[in-house]
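Peer 1: Sharing a structure below in structure tokens format, with a few things to ask.
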Amino acid sequence: MDSSNDDALDIIITNVVATFRTRCHLNLRTIALEGTNVIYKPEVGKVLMKLRKPKITASIWSSGKIICTGATSEDEAKLGARRLARVLQKLGFKVRFSAFKVVNVLAVCSMPFAIRLIDFTKKNRPIASYEPELHPAVTYRIKHLKATIQVFSTGSITVTGTMGSFDFREAIRAMPLR
């Protein structure tokens, strides 16, 4: 890819997944009965709680582990996690916010040209795989960046697994598209 076109790429972060711990046991039944915007799933052993601002969905387990999804930035994910901890404190739990970690980031980008998937896969065989019967995209893995890229024939690219927005540009630059 030409480095002069890098600035023209519009990379949009669509989802940030983060985890944290409360360092206390959580009674899911109490959260389901007294909390707002909750869905209790006793067969799975968790509660889903949604916050409106920032717009995140949290999976809460009785062990105190919480997974937050739906944020569009790492700062928004941390703010949502802290707000969620505050909500649980107001429900009477002795929550201490700890071990916050961003575990996955999903970003999308659209190239201004179409991509021939079969040719692309043949040129990049060891790290690119294409199974059109299973999925309409080529899976391209970059080990040193810990990124997985889905390349579609329309030119759409989905990048997952990197931990910062700088890595997205680097991951897309590392792909030999033309």
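Each reported figure results from applying straightforward, stated rules to the coordinates on display, with no laboratory input. As the structure is a computational prediction, the values presented were derived from the model and not from experiment. Backbone-built Cβ (ideal geometry, glycine too); neighbour counts: all protein chains shown.
Peer 1: When the Kirkwood hydrodynamic radius is evaluated over all pairs of different C-alpha atoms of segment 17-103, what value in angstrom, to one decimal, is obtained? Intermediate results must be reported in sequence, preceding the final value.
Peer 2: Details: mean 1/r = 0.0799 Å⁻¹.
One over the average 1/r among Cα pairs gives 12.5 Å for segment 17-103.
Peer 1: Relative to the first principal axis of the alpha-carbon coordinates of the chain, what is the inclination of helix 74-90, with its axis defined by its Cα atoms, in degrees from 0 to 90 and to the nearest 10?
Peer 2: 10 degrees
Peer 1: What's the local net charge at LYS90, with K and R +1, D and E -1, over the other residues with C-beta under 15 Å away? Intermediate results must be reported in sequence, preceding the final value.
Peer 2: Numbers: positive: ARG82, ARG83, ARG86, LYS94, ARG96; negative: GLU34.
Charge balance near LYS90 sits at +4.
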